[in-house]
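Asker: Got a structure for you, questions after.
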Amino acid sequence: MSSTTAARNVTAPAPLVVSLESCPQAAATARDVTASHLRSLRPPVDPDSRDAVVLIVSELVTNAVRHAEGRVCTLRLAADARSVTVSVADSSPRVPHERDPDVRGEGGGFGWPMVRRLAASTSVRPTPRGKTVEAVVARVPEASGRA
C-alpha cells in the first residue's frame, strides 16, 4: 500500500483541547481524556505508543500544576498519520530541565528525562503568557534497540 493510500485511511479528528484547573486531580483528568481521545483514533495507536502518550500527558500536566504559578494549564492533543503530539501550556516561563532525581523524597527529577526518552522529539516554546511544552510520539514505535 502506498503512503498516499495509507494516509487516506487515517482519521485525524480535530485536536483535543482541554483547560485544566491547576489542582492535584488535573493529571488524572488529563490521563482520562487522553486515553478516551486515543481510543477514537483510526487506525488505532499502537499500545506502547498509547501508553507513552498517557504517561507524557500525566507528567507534563503534573509539572504544570507543580511548577507554574497559574490557575489553569491547557492540554492539546493532535494526531496525524505518523504521530501524536502532546502540548501543555502553562503560565510559567521557566523551561523544564534535567536535575538529579530525588530518590528519597518528593523532590522529583524523574519526569523530564522520562518524557524526553519516550518522545521522538520534545520542544519548549515561550509564549506571551508562559510556555508550551510539546512532545511528539510515533503512532507506531520504531525499533530502536532500547530495552
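The values are calculated or read from the model by the stated rules, or taken from the named source; none is laboratory data. Keep in mind that this is a model prediction, so the values were computed, not measured. We place every Cβ from the backbone using ideal geometry, glycine too, and count neighbours over all the protein chains shown. Note: areas computed on protein heavy atoms with side chains; ligands, DNA, RNA excluded. Shrake-Rupley method; radii C 1.70, N 1.55, O 1.52, S 1.80 Å.
Asker: Can you name the condition, by its number, that Pro24 falls short on among (1) out of contact with any strand residue (DSSP E or B) (no Cβ under 7 Å at 6 or more places or on another chain); (2) touching a residue at least 60 places away in the same chain (Cβ under 8 Å)?
Answerer: (2)
Asker: Turning to a different aspect of this structure: Which one of these is at pLDDT below 95 and of a type in the set (D, E, K, R): Arg42, Arg76? Reasoning before the result, please.
Answerer: Numbers: Arg76 fails: at pLDDT below 95.
It is Arg42.
Asker: I'm trying to understand the selection: among the residues of segment 67-89, which are among the aliphatic types (A, V, I, L, M) and either within 15 Å of the chain's Cα centre (by Cα) or closer than 11 Å to Ala135 by Cβ (or both)?
Answerer: Leu75, Leu77, Ala78, Ala79, Val84, Val86, Val88, Ala89
Asker: Going through segment 20-63 one residue at a time, which ones are among the small types (Gly, Ala, Ser), crowded, with 17+ Cβ neighbours inside 10 Å, under 14 Å from the mean Cα position of the chain (by Cα) and farther than 17 Å from Pro113 by Cβ?
Answerer: Once the filter is applied, which keeps residues that are among the small types (Gly, Ala, Ser), crowded, with 17+ Cβ neighbours inside 10 Å, under 14 Å from the mean Cα position of the chain (by Cα) and farther than 17 Å from Pro113 by Cβ, segment 20-63 yields Ala26, Ala27, Ala30, Ser49.
Asker: Of the residues Ser36, Ser49, only one is hydroxyl-bearing (Ser, Thr, Tyr) and free of Cβ contacts under 8 Å to residues at least 12 places away in the same chain; which?
Answerer: Result: Ser36 is the single residue among Ser36, Ser49 that is hydroxyl-bearing (Ser, Thr, Tyr) and free of Cβ contacts under 8 Å to residues at least 12 places away in the same chain.
Asker: To continue, here is another question. Only one of Ala147, Ala138 is modelled with pLDDT of 95 or more and within 18 Å of Asp51 (Cβ to Cβ). Can you tell me which? So that I can check it myself, show each step before the final result.
Answerer: Details: Ala147 fails: modelled with pLDDT of 95 or more.
Going through Ala147, Ala138 in turn, just one is modelled with pLDDT of 95 or more and within 18 Å of Asp51 (Cβ to Cβ): Ala138.
Asker: In this structure, does Ala81 turn out to be in a helix (DSSP H, G or I), in contact (Cβ under 8 Å) with a residue 60 or more places away in the chain, touching a helix residue (DSSP H, G or I) at 6+ places or on another chain (Cβ under 8 Å) and small (Gly, Ala, Ser)?
Answerer: no
Asker: Right, next: Anything in segment 112-132 that is touching a strand residue (DSSP E or B) at 6+ places or on another chain (Cβ under 8 Å) and either of a type in the set (Ser, Thr, Tyr) or open to solvent by less than 80 Å² (accessible area, probe 1.4 Å) (or both)? List them, or say none.
Answerer: Answer for segment 112-132, where residues must be touching a strand residue (DSSP E or B) at 6+ places or on another chain (Cβ under 8 Å) and either of a type in the set (Ser, Thr, Tyr) or open to solvent by less than 80 Å² (accessible area, probe 1.4 Å) (or both): Val115, Leu118, Ala119, Ser121, Thr122, Ser123, Val124, Thr127, Gly130, Lys131, Thr132.
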